[in-house]
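The structure appears below as C-alpha cells.
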Amino acid sequence: MCAIEKITSKTKKIKIKQESGKLVAAGNQPDQQEEYEEVRVWNPTVANLTLMALGSSAPEILLSIIEIVGNNFHSGDLGPGTIVGSAAFNLFCISAICVLTVGKKTKRIALFKVFCVTAFFGTFAYIWLLIVLAWISPDVVELWEAILTLLFFGILVIASYCVDLEIWNKNKKANLETELQDIEDRTSKKPSKNLDVEIRNVARRLSYVDGESVLDALPAPEEGDVRKMARDVARVYPGLEADDQAKILAYRLNQNKVRDRLYYRIRAIRQLTSSWKKTDEEKEVQELEEKEAVSPDHTSQKLKPRIEFTARVYAVYPQDKKVKLSVIRRGNSDTALTLNYSTVDGIGKKDLHYLPKMENLRFAPQEMQKDIVIDLVDGADWRPNTVFYVHLKIVDQDEGGKTKLGECNIAHVKCPEDTTSFSGTPNVEFVKGNYVCKENCGWVRVFITKRGKTKTPHDVGVRFETEDISANANEDYVPYKNALLYFKGQEYEKYIDVEVVDDKDDEKDETFSVELLGTEDRETTIGNKKRTIVTIISDDNVLKNITNTRKLVGYYLKRMTPGQATWREQIINAASVNSGDVANATVLDCVLHGLAFPWKFAFAFVPPPMMMGGWLCFVVALIAIGLVTAVVGDIASIFGCMVGMPDAITAITLVALGTSLPDTFASKIAAENDDFADNAVGNVTGSNSVNVFLGLGLPWLVAAFYWCDKGQPFVVKAGDLGFSVAVFTIFSIIFLIVLIARRMLAVFGKGELGGPPVL
C-alpha cells in the first residue's frame, strides 16, 4: 500500500498558460516570470481502478490465478467463489457498517458520476459472468469471451477517466468547485478562520505529494502562505518555542490533507496487526495547547520569568553607612527560587570601601521582591565614580521553574559625579537620546538616571509617556500614558520596559518616543535629555526564521506520513508492539502482535517504498502476497475437506470474509474521519468490477489460450458459481436503488451514509 502511495503520488511541473490581455497584444506583453503548477502524473480515478484496486484485491486475484495454474489450467472453486463472496461482503456488509458508523449526520459521495460508472460496471460484471457461463456457451469459456472479459477492465478505466474529466463539459472545473463547495458548506463543523483557510489551502497542495517530497511542495519562504501561517500560529501560541509552533502547524496541515483510500487501508492493516502508534502527534499537540492555555497572559510570556535588580546603579555618599539594593521577580512566580548574591571589587575595594558579602536569598512562591543590605566602611574615601558591584546567580529552583536572570543582574554601587547637573539642582533624564531594538526582541529597555543630590533623601516619582512617530501604538508597541516610575531609596539609574509587538511582517524601520513629563516633587526637575527615540528595526532573521519553520514543518509532516521508514526502521517496528509504543500497549495489542509477528517480521525485509520510486517494493510485495495466497488456498481446501465443506462454500464465506477484513476497517475509519463518502463506499463498486475483469479475466485468458492451443475447450462449470452470481446480481441492483434513494430523498437525510435512525 505504501508503495502504491509512492507511485501514484508522483508529480510533475506544468507551465501555466498566460492569457493575453485585451489592451496589449500577446506578442507585445512585457516579460513575465514563468509560473508552474505541481500536478499528479496519475489521475486519481485511474490510480484507484488500477494500482489501488490491484493492491487491495491482490489476494482474490492472485488466488484465482494460482488456483488455475496449480490445477493444470482447470477451473477451480476457490478463486471465483472468493471473488463473488468478497464482492457480496464489500457491497452489503461494509456499506451497512459505514451507514451505521456515521450516525445521525449525513455524508455524500462527492464524485457521484464516477461512482455511477463503476456501479454500472460492478453490476454488469456479474451479469456478464451469467451470460458467459449460462447462455452464450454454457459451462465453457471461449477464447474471445476471456479476451473480452479482460478488455472490459480497460473500458472501465477509460470510461471512468472520461467521466472524471467530463470531457464534454468545458466548464467542468467551475461546476466541480461549486458542487464540492456546496457539500463542504453542509458538512463543515464550524466557521472557518483565516488561519484555518490558509492551512486548508496548503494542505490540499500537500495531498498530492508523498512524504519524501513534502518539503519541496511547501511554499517557498518568500511566498505568503508559509509566512502568514507562521505568523498566525505565533500569534495564537506566543508562549511556545518555534519548534513547538512548527509541530502544531504540521499537525494541522496533516489533519487537513485530502485522504485517499490507501491511507485508510494502511491505517486499518496496521491497527489490526498492532503496528500503529497510539501515542501520535495529536497527544503531543494537545499537551502543547494545554500548556499554552495555562498562561494566557501574552505579555508575561514574551518577557518570560526573570529575576534582577530594580535599578542598574545605586548611589552612595561618604556619609552613608550602608547601601540597600532590591531584587525583583517578573513574570510567572509559581515556583520557589534560591538566589545567590556576592560583592565584586571595582575601583572600590573590599574592606576599604565596603564589607564583602556572599549569601543566598530564598524566594517563596508568589514572593516578588527582597532587599539586600551591604555594609560600608566608616570613613572610606568615596571619590566620584568609585564603584563596586553586586552579582546575582540562580542557585536552585523548583521543578518546572523556568526563571532566568534578567538584564540587570549586576548592580553598580558607586559614588555619583554631582557636577554633571549643570543647573545645580537635582534632575532626572534619559541616559541616551536613542535606542534601537529588533522587532522580535519582545521588549526594549530605556534607562533613566538621576543627576545631582537632593537635600534630604526621599523617593522621587517621574511621570512619562510614549508617543507615536512612524510606529503605531498597540500595533508595533504597547504604549504608556501618564505612567509613573519611582526612584526609591538609593536607586540612581532605573529603567522602563516597553513591550514590542512582533507582527511577523518584514517591514521598514519604525520609531516612537518616550518622553519625561515631570516629577512629583518640587526639588527635582527634568533634565535636558527629556526625550528618547526608540527605533524598531525589521528583524534580519525574519526570512531565516520562516525558512527554519518551513524545514521543521516538512520534517514533522514526513514523520506523520506512512511508508517513510528505512529498511532498518521497518525491521525494528515489526519486532515491536505498536511500532515501539509499548507504554500504551494493551493485552489485546500484545496478542495481535504475537499472532502477526511471523508475517510482520518476514515482510519487513521487503524493500522500503522509498527505493526506485516504490516500484521495487510493489513488485516484491505482490510476489510475497502470491506466496501467502498459495498457502491460504491450500489451508482453505484442507479445512473444507476436514469439516466436509465444499470449496465453493469455503471460498464464498471464510476466505472472502478474511480477504475483506482490512477493507472493512479501512471503510469504517474513512466513514468516521472523511467529510465525504467516496473513500468509505464509493470505491466498493470499482473494486468489485476489477475483481471480475482482472481476477477472472486474466486467469481465464491464460487457461483459454492453453486449451485452445491443445484444440480443446476451457471448461468452467457454472454450478454453484452461477447460482451465487445470480443471487448477488439481484441484491446488488436492490442495493444500488436503496443507495440512490438515500441520496435523493430527504426522509433519508439526502446522503448515502448516516441519516435519521428511524423513518
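The values are calculated or read from the model by the stated rules, or taken from the named source; none is laboratory data. It should be emphasised that the depicted structure is a prediction, and the values quoted were computed from it without experimental measurement. With ideal geometry, Cβ positions are generated from the backbone for all residues, glycine too; neighbour counts draw on all protein chains shown. These area figures cover heavy atoms from the full protein model, side chains too; ligands, DNA and RNA do not enter into them. Shrake-Rupley method; radii C 1.70, N 1.55, O 1.52, S 1.80 Å.
Extending 7 Å from the Cα toward the beta-carbon at both Leu661 and Leu622 defines two label points whose distance is 2.6 nm. Taking other residues whose beta carbon is less than 12 angstrom from the beta carbon of Val344, and scoring Lys, Arg as +1 and Asp, Glu as -1, yields +3. Taking amide H atoms as placed 1.01 Å from N in the peptide plane, the amide H of Ala311 lies under 5 Å from those of Ser326, each 5 or more residues away in sequence or on another chain. A full extension of the chain between Ser513 and Asp139 corresponds to an added length of 125.0 nm, given 0.36 nm per residue minus the alpha carbon distance.
Each Lys or Arg adds one and each Asp or Glu subtracts one; over the other residues with Cβ under 14 Å from the Cβ of Leu49, this totals -2. The shape of region 583-704 can be summarised by an equivalent ellipsoid whose semi-axes, obtained from the alpha carbon gyration tensor, come to 26, 22, 21 Å from longest to shortest.
Here region 562-688 exposes an accessible surface that is 76 percent carbon and sulfur, computed with a 1.4 Å probe and the other protein chains kept in place. Excluding Ala680 itself, calculate the net charge of residues whose Cβ lies under 15 Å from the Cβ of Ala680, where each Lys or Arg counts +1 and each Asp or Glu counts -1. Surrounding charge for Ala680 is +3.
For region 68-156, give the percent of accessible area contributed by carbon and sulfur heavy atoms, probe 1.4 Å, rounded to a whole number. The C+S portion of the solvent-accessible surface of region 68-156 is 73 percent. Highest mean packing first, where packing is the average number of other Cβ atoms within 10 Å per residue, the peptides 398-404, 653-659, 635-641 line up as 653-659, 635-641, 398-404. Summarising the amide proton neighbourhood of Gly518: residues at separation of 5 or more, or on other chains, whose placed amide H is nearer than 5 Å comprise Arg463. Which stretch or stretches of region 665-680 have amide N atoms under 17 Å from the point lying 7 Å from Ala596's Cα along the Cα→Cβ direction? Counting backbone N atoms under 17 Å from the label point, the list is 665-670. Prolate is the label for region 430-530, because a/c, from the alpha-carbon gyration tensor with a ≥ b ≥ c as root eigenvalues, is 1.5 or above and a/b exceeds b/c. In this simple spin-label model, placing a label point 7 Å from the Cα along the Cα-to-Cβ direction at both Ile147 and Ser538 gives a separation of 7.0 nm. Scattering from region 326-427 was approximated by placing one identical point on each alpha carbon and applying the Debye formula without solvent; log10 I(q)/I(0) at 0.17 1/Å stands at -0.84. Using R₀ = 35 Å, calculate the FRET efficiency as 1/(1 + (r/R₀)^6) where r is the Cβ-Cβ separation of Ile328 and Arg531; round to 0.05. E between Ile328 and Arg531, to the nearest 0.05, is 0.85. The modelled label-to-label distance between Ile127 and Asp375, using points 7 Å beyond Cα along the C-beta direction, is 10.9 nm. Note on Leu355 and Ile14: the extension gain reaches 114.9 nm, defined as 0.36 nm multiplied by sequence separation minus the Cα-Cα distance.
Counting 0.36 nm for each residue step from Ala336 to His391 and taking away their Cα separation leaves a gain of 17.8 nm.
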